[in-house]
Amino acid sequence: MTLLSARAAALDADDPFAETAALFHKPDGVIYLDGNSLGMMPRATAERVAHTVHAEWSEGLIRSWAGACWIHLPMTVGERIAPLIGARPGEVAVGDSTSVDIFKALSAALDLQAPRTVLLVEDANFPTDGYIAEGLARHRPGVTLRRIDPERDLPASLDDDVAALLLSHVDYRTARILDMAAISAAARAAGVLTVWDLSHSTGAVPVDLHAADADFAIGCTYKYLNGGPGAPAFSWVHPRHHARMHQPLAGWFGHAAPFAFDRLYRPAEGMRRFVCGTPQILSLAALDESLKLWADVDRDALFAKSRAMTAFFVEAVEERCGRFGLALVSPRDPVRRGSHVSFDWPDGGPVMRALAERGVIGDFRAPATMRFGFAPLYLSFAEVARAVEILEAVLETRAWDAPAHRAPAEVT
Ligand SMILES: *Cc1c(COP(=O)(O)O)cnc(C)c1O
């Protein structure tokens, strides 16, 4: 046993989530450090999807909209997410993708804020957030975007023209956490609405939207919430805005009475108006099942394990691989860091591919970021230690320096 694996064994012995890993399907020979991008499948999810297909769809057919409560899934699934983000019952609607939900939230925020017309967006945010804001601005006369670095430009950029501020709570690349309460307070003082993207936060770090007095939030459910590929996203709006807010994609499932087949749109009460068209039932069923296991999770213990794991990884990589010159781009302070860790290295792409070939799956964000995610529900310290040893071997032997690892990849 190496020193590193001995340290990992000691940490695993104290892991309150040691049993939880068995609730997930773990492929043989894989150390999965990408749960921040696509979470592992809870075993119960496969059974639930099979049930939805074989019993509810095949047998129940259209009767299942009422009989299997399909019609309520966008809000009942939201009830399971609410406690994870400091939201109250009835405040979270689930459906569409994060990208689409960003569009709805920004548009609703602009409507609430007329005559203010500026959207502040984070220059280094996950690209879809900026693209969607850009698309929305193109489509709404008079609306303009200003791109900022929140750590440098806030609160100075919050002027009287700014309608809304779109930020990622945890940065997808570096994992730095923004101070949601302080930024929301500064925005509120300047009359600006905050729109928080919680994609890399939910299920990984503490989030309390009410305590932070945020205005809007959206987030992804296929990352730490393990909802499955393309699982529907969630939207939250502070109830102070519910009565006045409009969402632009006013579909029939967000109507007050979808089956009244009224000629004119009349929004449902509260967050249900954020639902657009027919909900994605197979995806919602999978997500609903994956979320059930969160009811038993001690979240403080989970966040503590996340910080312990990222700290263990940073220390181990610096100790074992420091001589290769990897540059830590994540905050060193674990409290300021989400549940992933990134190191920059010029040939990071080929390194990640050589690692994947050896069963260690992380990902790469161009131009040089090697990203490793630590989902505390199913990952052990022993796996983290083993991953670092394999990384050291790949760097030491230059196994990454092969044409197959350098070829362009469609998905990184
Ligand atoms: C993962 C992620 C998304 C995903 O958007 P999709 O519409 O699901 O593709 C958006 N924003 C951020 C910050 C993310 O991390």
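Observations on the model:
- Scanning the range 104-127 for residues that are within 13 Å of the ligand (Cβ to nearest atom), farther than 18 Å from Leu249 by Cα and buried (at least 16 other Cβ atoms within 10 Å of the Cβ) yields Val121, Glu122, Ala124, Asn125, Phe126.
- Boolean, Thr397 is open to solvent by 30 Å² or more (accessible area, probe 1.4 Å), more than 21 Å from Ala308 (Cα to Cα) and in contact with a Phe, Trp or Tyr (Cβ under 6 Å, 6 or more places away or on another chain): no
- Residue, most open to solvent (accessible area, probe 1.4 Å), within the range 63-72, restricted to residues that are among the aliphatic types (A, V, I, L, M) and within 14 Å of Pro258 (Cβ to Cβ): Ala66
- Comparison of Phe274, Phe253 shows that the only residue that is open to solvent by less than 40 Å² (accessible area, probe 1.4 Å), within 13 Å of Ala108 (Cα to Cα) and aromatic (Phe, Trp, Tyr) is Phe274.
- Residues (without any contact (Cβ under 8 Å) to a residue 24 or more places away in the chain, of a type outside the set (Phe, Trp, Tyr) and under 19 Å from Leu110 (Cβ atoms)) located in the range 260-271: Pro267
- Residue that is farthest from the ligand (Cβ to nearest atom) [pool: residues in the range 141-197 that are among the basic types (Lys, Arg) and assigned to a helix (DSSP H, G or I)]: Arg188
- Yes/no for Lys292 being in contact with a Pro (Cβ under 6 Å, 6 or more places away or on another chain) and either of a type in the set (Lys, Arg) or assigned to a helix (DSSP H, G or I) (or both): no
- Scanning the range 68-103 for residues that are under 23 Å from Arg299 (Cβ atoms), away from the ligand (no atom under 16 Å from the Cβ) and small (Gly, Ala, Ser) yields Gly78, Ala82, Gly86, Ala87, Gly90.
- Qualifying residue in the range 115-126 (condition: under 16 Å from the mean Cα position of the chain (by Cα) and closer than 21 Å to Ala212 by Cα): yes
- Any hit, the range 226-245, residues being of a type in the set (A, V, I, L, M, F, W, C) and touching a Ser or Thr at 6+ places or on another chain (Cβ under 6 Å): yes
- Of all residues making up the range 353-373, the number that are assigned to a loop (DSSP other than H, G, I, E, B) and either open to solvent by 30 Å² or more (accessible area, probe 1.4 Å) or under 22 Å from Lys26 (Cα atoms) (or both): 5
- Inter-residue pairs, beta-carbon under 9 Å, first away from the ligand (no atom under 14 Å from the Cβ) and modelled with pLDDT of 95 or more and in the range 199-218, second open to solvent by 10 Å² or more (accessible area, probe 1.4 Å) and of a type in the set (Phe, Trp, Tyr), 6+ apart: Pro206/Phe303
Here is a yes/no grid of residues against (1) free of Cβ contacts under 8 Å to residues at least 12 places away in the same chain; (2) among the hydroxyl-bearing types (Ser, Thr, Tyr):
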residue: His242; (1), (2): no, no
residue: Pro258; (1), (2): yes, no
residue: Gly277; (1), (2): no, no
residue: Ile281; (1), (2): no, no
residue: Val297; (1), (2): no, no
residue: Pro334; (1), (2): no, no
residue: Ser339; (1), (2): no, yes
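Yes or no, residue by residue, for (1) farther than 19 Å from Ala286 by Cβ; (2) touching a Leu at 6+ places or on another chain (Cβ under 6 Å); (3) not basic (Lys, Arg):
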site	(1), (2), (3)
Ser58	no, no, yes
Ser64	no, no, yes
Ala68	no, no, yes
Glu79	no, no, yes
Glu122	yes, yes, yes
Arg138	yes, no, no
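- The set of residues in the range 277-322 being closer than 30 Å to Ser5 by Cα, touching a strand residue (DSSP E or B) at 6+ places or on another chain (Cβ under 8 Å) and among the hydroxyl-bearing types (Ser, Thr, Tyr) consists of Thr310 alone.
- Matching option when the condition is surrounded by 22 or more Cβ atoms within 10 Å (Cβ to Cβ) and under 27 Å from Arg386 (Cα atoms), among Leu291, Leu287, Leu328, Leu302: Leu302
- Single residue of the range 186-201 satisfying the filter (open to solvent by 10 Å² or more (accessible area, probe 1.4 Å) and among the hydrophobic types (A, V, I, L, M, F, W, C)) that is nearest to the chain's Cα centre (by Cα): Leu193
- Within the range 164-184, residues that are on the phi > 0 side of the Ramachandran plot reach partners that are within 14 Å of the ligand (Cβ to nearest atom) and open to solvent by less than 20 Å² (accessible area, probe 1.4 Å) with beta carbons closer than 6 Å, at six or more positions or on different chains, in the pairs Ala175/Gly338; Ala175/His340.
The values are calculated or read from the model by the stated rules, or taken from the named source; none is laboratory data. Here the structure is a predicted model, which is why all the values come from computation and not from measurement. Backbone-built Cβ (ideal geometry, glycine too); neighbour counts: all protein chains shown. Accessible surface is based on the protein model in full, side chains and every heavy atom, while ligands, DNA and RNA are left aside. Shrake-Rupley method; radii C 1.70, N 1.55, O 1.52, S 1.80 Å.
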